[in-house]
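Comments concern the structure below.
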Amino acid sequence: MRLTRYFLPVLKENPAEAQIVSHRYMLRAGMIKQQAAGIYSWLPMGFKVLKRLEQIVHEEQIRAGHIPLLMPTLQSADLWRESGRYDAYGPEMLRFKDRHDREMLYGPTNEEMITDIFRSHVESYKSLPLTLYHIQWKFRDEVRPRFGVMRGREFLMKDGYSFDLTKEDALHAYNRHMVSYLRTYERMGLTAIPMRADSGPIGGDNTHEFLVLAKTGESEVFYDAKVPELKLGDRTVDYDNRDEVAAICKEFTTLYARTDETHDEALFNQIPEERRCIGRGIEVGQIFYFGTKYSEPMGATVTTPDGAKVPVEMGSHGIGVSRLIGALIEANHDEKGIIWPEGVTPFHVGLVNLKQGDVATDAACEALYAALKAKGLDPLYDDREERAGAKFATMDLIGLPWRITVGPRGLANGLVELTSRRSGESEEMTPEAAVAKIVEIYAGI
Ligand SMILES: Nc1ncnc2c1ncn2[C@@H]1O[C@H](COP(=O)(O)OP(=O)(O)OP(=O)(O)O)[C@@H](O)[C@H]1O
Ligand SMILES: [Mg+2]
């Protein structure tokens, strides 16, 4: 993409309404535009990052054996009456009537609808295990939408629903989700810690929230200093192997890590004092085993091998896809702007021409641009007639992890400059070497 042909409405001033850094940078970098409280348009660069996150989520869900589908945003109130949640849900649910006076709602979540799909088409244990998921917009009429996309009213969520014959099978589905989520967040360059969550009125201890540590997080978190060091890395996982999957979950959940909702001071104090950490975190996902809470009232049953009919065992598992962009920026920025991890960056590399209109620098930039694209990379070429300072400021703000700078002085010696956004370090090299280095960095991402 050439910047002169792109739509990147960068703001010079700090928007007054933004209280936290991710919101500020998303507005300033022209990623989003607020349309109403907690409702945003995703401008091209924000949309690009959102699509990239969706892609990672899809890849990891499919790897775990889960199946994508798409349910509508609008739902009928009758379905929610069947589960008893229509009255229970409260003012967060946006309710309205269609022209025929039928009661409708904008879905805040999809347990009822997926249970309806299941009961209409599945009869036997032979169709299990089954996990269906979608990535779809949700609406929750939050009292206080704030922090930009972190607490919106309309937001994008991946929500998956597991169906199993037995509780044991359902817990394997739970574990599979935990591992697939760990891998998803790691690929995005995030450390998201599974913390035991409060299961509310349903009870049971089979729910975890995933929290990204950040000063601006809404939850208070208590954890062992060793927990954020745990990494899945590039080990391969056989998602059908129950013991292997359960062992990974154990590895990530044995050390103490809880939010204020489940915090237990006595247990916490058993950790050596120097490892006791108290901080704040952003909830970027949650997994939940709830058994027959929906299948029973809604009559979603399956026949067992010996011919009996039992309600199906379920769980629901969510990732806050749009909130993740805020969390990513909270965890990756400096005073100049965003610093995208390579796994989620909207463009792989920025190309800065220090003397637009100069025959030699223009030609070198065109050649670099073509070479990067030929390697399957997605460069953003700042081809504006602007001062170097303005070009650097834009690149720093939008946070592409790598920048190639082409100027007349270096070019006289056949050299360009490759700069890391994160470390700020620059290295002079030939254009060919710069392309090769970028190719190497993104190989396998
Ligand atoms: N208002 C919101 N704006 C953006 N993302 C949200 C919002 N509410 C929930 N999410 C995301 O969707 C995920 C799954 O939804 P879930 O029902 O667990 O939310 P929640 O526990 O009600 O969230 P919270 O406690 O932050 O209100 C959450 O982990 C979070 O990342
Ligand atoms: Mg939650």
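Residues checked against (1) over 24 Å from residue 331 (Cα atoms); (2) surrounded by fewer than 21 Cβ atoms within 10 Å (Cβ to Cβ):
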| residue | (1), (2) |
| --- | --- |
| 212 | no, no |
| 215 | no, yes |
| 220 | no, yes |
| 231 | no, yes |
| 234 | no, yes |
| 239 | yes, yes |
| 250 | yes, yes |
| 253 | no, yes |
| 266 | yes, yes |
key: Positions within the stretch 83-135 being among the small types (Gly, Ala, Ser) and under 23 Å from the mean Cα position of the chain (by Cα), in sequence order   = 107
request  = Could you list all residues from the stretch 355-369 that are closer than 25 Å to residue 45 by Cα and surrounded by 22 or more Cβ atoms within 10 Å (Cβ to Cβ)?
outcome  = 365, 368
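Considering 189, 200, which residue is away from ligand 2 (no atom under 15 Å from the Cβ), on the phi > 0 side of the Ramachandran plot, surrounded by fewer than 20 Cβ atoms within 10 Å (Cβ to Cβ) and not basic (Lys, Arg)? Lay out the reasoning, then the answer.
Details: 200 fails: away from ligand 2 (no atom under 15 Å from the Cβ).
Of the residues listed, the single one that is away from ligand 2 (no atom under 15 Å from the Cβ), on the phi > 0 side of the Ramachandran plot, surrounded by fewer than 20 Cβ atoms within 10 Å (Cβ to Cβ) and not basic (Lys, Arg) is 189.
Would you mention how many residues in the stretch 140-182 are over 16 Å from residue 32 (Cα atoms) and more than 16 Å from ligand 2 (Cβ to nearest atom)? Lay out the reasoning, then the answer.
Filtering the stretch 140-182 for residues over 16 Å from residue 32 (Cα atoms) gives 140-144, 157-182.
Filter again for more than 16 Å from ligand 2 (Cβ to nearest atom), leaving 141, 143-144, 162-173, 175-176, 179-180, 182.
Qualifying residue count for the region: 20.
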query = Using beta carbons and a limit of 6 Å, which pairs, at least six apart or on different chains, have the first residue in the stretch 104-133 and in contact (Cβ under 8 Å) with a residue 24 or more places away in the chain and the second one within 16 Å of ligand 1 (Cβ to nearest atom) and of a type in the set (Asp, Glu)?
reply = 110/159
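Quick grid of which residues meet (1) basic (Lys, Arg); (2) modelled with pLDDT under 95; (3) out of contact with any helix residue (DSSP H, G or I) (no Cβ under 6 Å at 6 or more places or on another chain):
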| residue | (1), (2), (3) |
| --- | --- |
| 112 | no, no, no |
| 126 | yes, no, yes |
| 141 | no, no, no |
| 160 | no, no, yes |
| 167 | yes, no, yes |
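Quick check on the stretch 161-199: of everything there that is away from ligand 1 (no atom under 16 Å from the Cβ) and in a strand (DSSP E or B), which residue is nearest to the chain's Cα centre (by Cα)?
Step one: filter the stretch 161-199 for residues away from ligand 1 (no atom under 16 Å from the Cβ), giving 163-173, 175-176, 179, 183, 186-187, 189.
Adding the requirement that they be in a strand (DSSP E or B) leaves 163-164.
On the way: 163: 24, 164: 26 Å.
Result: 163.
Per-residue answers, yes or no, for (1) out of contact with any Leu (no Cβ under 7 Å at 6 or more places or on another chain); (2) outside any strand (DSSP E or B); (3) away from ligand 2 (no atom under 16 Å from the Cβ); (4) not assigned by TED's automatic domain parsing to the domain that holds residue 86:
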site	(1), (2), (3), (4)
266	yes, yes, yes, no
270	yes, yes, yes, no
274	yes, yes, yes, no
282	no, no, no, no
290	yes, no, no, no
297	yes, yes, yes, no
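Listed here are the residues, each with its yes/no results for (1) in contact with a Lys or Arg (Cβ under 6 Å, 6 or more places away or on another chain); (2) within 12 Å of ligand 1 (Cβ to nearest atom); (3) closer than 21 Å to residue 115 by Cα.
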{"residue": "294", "(1), (2), (3)": "no, no, yes"}
{"residue": "300", "(1), (2), (3)": "yes, no, yes"}
{"residue": "307", "(1), (2), (3)": "no, no, no"}
{"residue": "311", "(1), (2), (3)": "no, no, yes"}
{"residue": "314", "(1), (2), (3)": "no, no, yes"}
{"residue": "317", "(1), (2), (3)": "no, yes, yes"}
{"residue": "323", "(1), (2), (3)": "no, yes, no"}
Filter pass, residue 310 being in contact (Cβ under 8 Å) with a residue 60 or more places away in the chain, part of a strand (DSSP E or B) and surrounded by fewer than 24 Cβ atoms within 10 Å (Cβ to Cβ) = yes
remark   = Being among the charged types (D, E, K, R), modelled with pLDDT under 95 and farther than 17 Å from residue 317 by Cβ narrows 234, 240 down to just 234
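The values are calculated or read from the model by the stated rules, or taken from the named source; none is laboratory data. Computed from a predicted structure; not experimentally measured. Neighbour counts are summed over all protein chains in view; Cβ atoms, including those assigned to glycine, are modelled from backbone coordinates with ideal geometry.
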